[in-house]
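Accompanying notes for the structure given below.
The values are calculated or read from the model by the stated rules, or taken from the named source; none is laboratory data. The shown structure was predicted, so the numbers you read here are calculated from the model rather than taken from an experiment. Neighbour counts are summed over all protein chains in view; Cβ atoms, including those assigned to glycine, are modelled from backbone coordinates with ideal geometry. Accessible surface is based on the protein model in full, side chains and every heavy atom, while ligands, DNA and RNA are left aside. Shrake-Rupley method; radii C 1.70, N 1.55, O 1.52, S 1.80 Å.
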Amino acid sequence: MIDFRPFYQQIATSQLSAWLETLPLQLKQWEKQTHGDYAKWAKIVDFLPHLTASHIDLKSAVKSEAETPLSAGEQQRIIHHLKQLMPWRKGPYHLYGIHVDCEWRSDFKWDRVSPHLAPLQDRTILDVGCGSGYHMWRMVGEGAKMVVGIDPTELFLCQFEAVRKLLNNDRRANLIPLGIEEMQPLAAFDTVFSMGVLYHRKSPLDHLTQLKNQLVKGGELVLETLVVDGDVNTVLVPADRYAKMKNVYFIPSVDCLINWLEKCGFQNVRCVDVETTSLEEQRKTDWLENESLIDFLDPQDHSKTIEGYPVPKRAVILANK
């Protein structure tokens with residue numbers, strides 16, 4: 001099973017030390033009610049070989065390389081283990097010559113987001129709904145002091161730990177299997193990311209307030225979420241599913257989203273990017289058994305979802321506490 005004690009030791013002397021009042025007990029409770037396949041997934045991480053990379057690139061990719069390339073047989077053994085952790089949704093990863101071609105080209109999103117951020121050098125960062133942790137490694141590549149991701153999905157935790165093992169067991173990033181609503185208000189993070197989460201929340205203003213409660217004064221929120229066209233009063237509330245997703249509750253316009261953030265007390269709120277999701281950014285690969293974006297759109301009109309709603313469009317909003 002995955003051992004969180006090294007993380008406890010890391011934060012004991014950091015600005016996150018107050019988290020130790022609640023986190024160990026929460027994770028003990030979590031371990032009692034994990035997904036039925038969690039033990040199997042955790043063992044797969046254990047089965048991965050202990051390799052030492054001579055070169056790691058987290059600045060322009062998430063990539064590890066050995067001084068002597070692995071043999072085809074060694075690569076196939078690693079691929080076999082990693083494919084038992086499918087589906088791989090956020091990436092890509094380039095690990096010892098193996099290309100983990102995930103459903104999402106998360107590097108596209110990073111390239112849109114990163115030029116607008118306050119410098120991440122030496123920052124303590126929270127990534128809410130981090131998935132397998134791709135963006136966390138890119139944050140480390142920008143010089144972050146510590147990156148903490150939270151995501152309650154056990155498969156994502158095991159994918160993250162698998163990648164970490166193939167990145168020389170780098171401990172500058174850590175994934176904690178909790179949701180934001182389970183975190184005590186730490187007011188300790190210099191930057192908080194919430195990317196692809198807000199529309200899954202039944203109470204979006206509560207989510208924004210929870211994000212604010214994790215930031216230091218003056219800290220930066222990076223919010224990336226689905227939006228629709230419209231004015232300050234425009235919010236799409238799907239009747240049933242949106243792009244085949246059943247847990248989509250509120251999709252605001254950019255102006256409405258800015259209004260929400262200001263109502264929650266954020267300052268300096270600004271939209272820095274709006275982009276329609278392309279079939280190049282989200283697509284089927286050999287590392288995904290499920291449907292992907294092409295299956296979620298109207299086959300006769302790709303400007304609409306299969307339910308007739310506007311095609312997925314995503315905005316990046318920055319704000320300060």
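General observations
- Protein-only accessible surface order, largest first, of H135, H55 at 1.4 Å: H55, H135
- Accessible surface of the chain [probe 1.4 Å, protein heavy atoms]: carbon and sulfur percent: 48 percent
- Normalised by the number of residues in the chain, the average gap of Cα pairs under 8 Å and 6 or more apart makes the relative contact order 16 percent.
- In the complete set of protein chains, residue-level accessible area for K165 is approximately 30 Å², probe 1.4 angstrom.
- Within the same chain, lysines fewer than 8 places from K59 are excluded, and of the rest, those with a Cα less than 22 Å from its Cα are K90, K109, K145, K165.
- In plain terms, the chain is cut at each of the GluC sites (Glu not before Pro) found in a DSSP loop with at most 10 other Cβ atoms within 10 Å, and the longest leftover piece is 68-279.
- The base-10 log of I(q)/I(0) for the chain, evaluated at q = 0.10, 0.13 Å⁻¹, reads -0.58, -1.00 [Debye formula, identical scatterers on Cα atoms, solvent excluded].
- Length gained on full extension, A66 to S114, computed as 0.36 nm times the residue gap minus the Cα-Cα distance: 14.5 nm.
- Accessible surface area normalised per residue over the chain is 44 Å², counting heavy atoms of protein chains with a 1.4 Å rolling probe.
- Convex hull volume per residue for the range 203-321, taking Cα atoms only, in Å³: 123 Å³
- For the range 129-148 versus the range 1-79, the gap between their alpha-carbon centres in whole angstrom: 13 Å
- Calculated SAXS-style log₁₀ I(q)/I(0) at q = 0.12, 0.20, 0.21 Å⁻¹ - the range 64-180, Debye, Cα scatterers: -0.43, -1.15, -1.25
- Protection proxy ranking of 233-246, 196-209, by the mean of other Cβ atoms within 10 Å over each peptide's residues and highest first, is 196-209, 233-246.
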